[in-house]
Amino acid sequence: MTIVVFIGSLLGAMSIGIPIAFCLIFCGIALMAYMDVFNAQIVAQNLIQGADTFTLLAIPFFLLAGEIMNRGGLSRRIIEFAVSLVGHIRGGLGIVAIVASIIMASISGSAAADTAALAAILIPMMRDSGYNLARSSGLIAAGGIIAPVIPPSIAFIMYGVAANVSIGQLFLGGIVPGLMMGVGLFVAWQIVARRDKVAVLPRQSGRERLRALTRAGWALLMPVIIMGGIRFGIFTPTEAAVVAAVYALFVSLAIYREMKIRDLYEILLNAAKMTSVVMFLVAASLVSAWLITTANIPAEIMGLVGGLIEYPTLLLLALMVLVFLVGTALDLAPTILILTPVLIPIIKQAGIDPVYFGVLFIMNNAIGLITPPVGVVLNIVSGVARIPLWDVIKGVNPFLIAHCIVLTLLVLFPQLVLVPLAWLR
């Protein structure tokens, strides 16, 4: 019955338009009332404790780094470098979108920021070159969701805090799956776009490519500093976020000089707004997480799926279907914060590595960003490209299938994550 109360109160609050963070608090209070243990002080304490975690300081700094990167010209130079490499190939601008999305994902960790930057620069170029606009928009949306999987990832930070799993290990575990998502998009793009009659950009000379590399060099060095520092123990993921923000600020102000001091107020304000939304969600989730544990909901769910505990692969497939369905209705952050405390006890009892599960879980949640009816990234591309949302949904379908195939391969062959992770450790 506690499961019914939890799900019913959560869905009921969402159905009348209450913001997700308040829905999480409401369903926690509903559980407390059902169990006859209501205490407003417990709610307040859990709200404070939910945000009072040193690790979560990485979120505002990575968001700030992403804002500075877009304003300071780092994103544009990365795209220009990708154009110099593959822009002359037939369908090359689609390959540019894939390469640029991988590079930018390794800097900001925000699907929304990366997608907006890619769409603003590449959509006009693809429109002028005769590319199918719906398909191009779908590709950029599908490329944007690589950001939560390739480190540094804000989604990994939230999962790591909620599941009490090493964020550094999650970062290392996401590298190969993120690259596989890029390869999957490349294959899908080659299949669906091979018959398009599009104009190709002129081949750039070696000197022009070297010039583009030089211009983008400072931006390309950023992911090397972040992941190298984490891998060799120079700094923690939280400290890496500070390094990323300071480095992006230095490059934007002193090297590229495309950002002025007067721009900082707007950048800090935008980063603060996004941070407040994410942090309030995290804080509110601890209220529901505490009640989930107190009400012993994981044990009840264990009873429903107990027959699959001895078959980890089947269990993972079932859970991935569940997460995919939830992701069509909820955004990435609330899905992570609601399901993590419910699923982690089941995963541990089944003997599944929580880092490995975390990689699959976050990838599945990222895919939810391009599935209707919510599809936050789809809405971003639609707004930036100024094309109907329905066209973007149709255009993204081949690339959505490619991502799902990659996710299925990772479920069936755990070594694709675990072997590289063991080597990187």
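The values are calculated or read from the model by the stated rules, or taken from the named source; none is laboratory data. Only a predicted model underlies this, so the values are computations on that prediction, with no experimental measurement involved. As a convention, Cβ positions derive from the backbone with ideal geometry for all residues, glycine included, and neighbour counts pool all protein chains shown.
Can you tell me which residues in the range 173-195 are farther than 16 Å from residue 364 by Cα and surrounded by fewer than 22 Cβ atoms within 10 Å (Cβ to Cβ)? Outline the logic, then answer.
Let us first name the residues in the range 173-195 that are farther than 16 Å from residue 364 by Cα, namely 183, 186-195.
The answer is 183, 186, 187, 190, 191, 192, 193, 194, 195.
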Legend entry - Identity of the residue in the range 186-210, touching a residue at least 40 places away in the same chain (Cβ under 8 Å), part of a helix (DSSP H, G or I) and closer than 28 Å to residue 251 by Cβ, that ends up farthest from the chain's Cα centre (by Cα): 208
Inset, instruction - Answer with yes or no whether residue 3 is part of a loop (DSSP other than H, G, I, E, B) and either without any contact (Cβ under 8 Å) to a residue 24 or more places away in the chain or farther than 22 Å from residue 103 by Cβ (or both). - result: no
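Out of all the residues in the range 243-276, which are without any contact (Cβ under 8 Å) to a residue 24 or more places away in the chain, of a type in the set (Val, Ile, Thr) and surrounded by 14 or more Cβ atoms within 10 Å (Cβ to Cβ)? So that I can check it myself, show each step before the final result.
Of the range 243-276, the ones without any contact (Cβ under 8 Å) to a residue 24 or more places away in the chain are 243, 246, 250, 254, 257, 260-262, 264-266, 269, 273, 276.
From the residues that got through so far, the ones that are of a type in the set (Val, Ile, Thr) too are 243, 246, 261.
Correct list: 243, 246.
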Inset, instruction - Answer yes or no as to whether residue 77 is of a type in the set (Lys, Arg) and at pLDDT 80 or above. - result: yes
Legend entry - Residues satisfying the stated conditions in the range 409-425, i.e. of a type in the set (Val, Ile, Thr) and over 18 Å from the mean Cα position of the chain (by Cα): 411, 419
Inset, instruction - Could you tell me whether any residue of the range 168-180 is over 25 Å from residue 58 (Cα atoms) and modelled with pLDDT of 90 or more? - result: yes
Inset, instruction - Take the range 225-263 and flag every residue that is part of a helix (DSSP H, G or I) and in contact with a Gly (Cβ under 7 Å, 6 or more places away or on another chain). - result: 230, 237, 240, 243, 248, 251, 252
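Restricted to the range 124-172, and to residues that are assigned to a loop (DSSP other than H, G, I, E, B) and among the hydroxyl-bearing types (Ser, Thr, Tyr), which residue is surrounded by the most Cβ atoms within 10 Å (Cβ to Cβ)?
Taking the range 124-172 first, the residues assigned to a loop (DSSP other than H, G, I, E, B) are 129-132, 145-153, 164-166.
Checking which are among the hydroxyl-bearing types (Ser, Thr, Tyr) leaves us with 129, 131, 153, 166.
Working: 129: 17, 131: 23, 153: 31, 166: 16.
Top of the filtered list is 153.
Regarding residue 300, is this residue at pLDDT 90 or above, over 20 Å from residue 159 (Cβ atoms) and of a type in the set (D, E, K, R)? Steps first, please.
Details: at pLDDT 90 or above: no; over 20 Å from residue 159 (Cβ atoms): yes; of a type in the set (D, E, K, R): yes.
Against the criterion (at pLDDT 90 or above, over 20 Å from residue 159 (Cβ atoms) and of a type in the set (D, E, K, R)), residue 300 does not qualify.
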Inset, instruction - Would you check if there is a residue in the range 43-53 being surrounded by 22 or more Cβ atoms within 10 Å (Cβ to Cβ) and not charged (D, E, K, R)? - result: yes
Inset, instruction - Could you grab me the full set of residues in the range 5-14 that are modelled with pLDDT of 80 or more and out of contact with any Phe, Trp or Tyr (no Cβ under 9 Å at 6 or more places or on another chain)? - result: 8
Inset, instruction - Give the residues of the range 16-71 that are of a type outside the set (A, V, I, L, M), more than 27 Å from residue 244 (Cβ to Cβ) and not in a helix (DSSP H, G or I), sorted by residue number. - result: 17, 19, 36, 38, 39
Inset, instruction - Can you confirm whether the range 371-390 contains a residue that is under 19 Å from the mean Cα position of the chain (by Cα) and modelled with pLDDT of 90 or more? - result: no
Inset, instruction - Looking only at the range 96-103, decide whether some residue is outside any loop (DSSP other than H, G, I, E, B), farther than 20 Å from residue 138 by Cα and under 17 Å from the mean Cα position of the chain (by Cα). - result: no
Inset, instruction - Could you tell me whether any residue of the range 89-107 is under 26 Å from residue 272 (Cβ atoms) and among the β-branched types (Val, Ile, Thr)? - result: yes
Legend entry - From 68, 89, residue being surrounded by fewer than 16 Cβ atoms within 10 Å (Cβ to Cβ), touching a helix residue (DSSP H, G or I) at 6+ places or on another chain (Cβ under 7 Å), more than 18 Å from residue 162 (Cβ to Cβ) and touching a residue at least 24 places away in the same chain (Cβ under 8 Å): 89
Inset, instruction - From 401, 387, grab the single residue that is part of a helix (DSSP H, G or I) and of a type outside the set (Gly, Ala, Ser). - result: 401
Inset, instruction - State whether one or more residues within the range 112-120 are within 30 Å of residue 291 (Cβ to Cβ) and at pLDDT 85 or above. - result: no
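Is it the case that some residue within the range 62-83 is closer than 21 Å to residue 279 by Cα and more than 17 Å from the chain's Cα centre (by Cα)? First the steps, then the outcome.
Taking the range 62-83 first, the residues closer than 21 Å to residue 279 by Cα are 62-68.
Keeping just the survivors that are more than 17 Å from the chain's Cα centre (by Cα) gives 68.
Among the residues of the range 62-83, at least one is closer than 21 Å to residue 279 by Cα and more than 17 Å from the chain's Cα centre (by Cα), which makes the answer yes.
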Legend entry - Matching residues, the range 137-159, being in contact with a Gly (Cβ under 7 Å, 6 or more places away or on another chain) and small (Gly, Ala, Ser): 137, 138, 147, 153
Inset, instruction - Please determine, by comparing only the residues of the range 217-228 that are surrounded by 16 or more Cβ atoms within 10 Å (Cβ to Cβ) and farther than 18 Å from residue 255 by Cα, which one is modelled with the highest pLDDT. - result: 226
Inset, instruction - Kindly indicate the residue of the range 196-216 that is surrounded by 13 or more Cβ atoms within 10 Å (Cβ to Cβ) and at pLDDT 75 or above and also nearest to residue 77 (Cα to Cα) among those meeting that condition. - result: 216
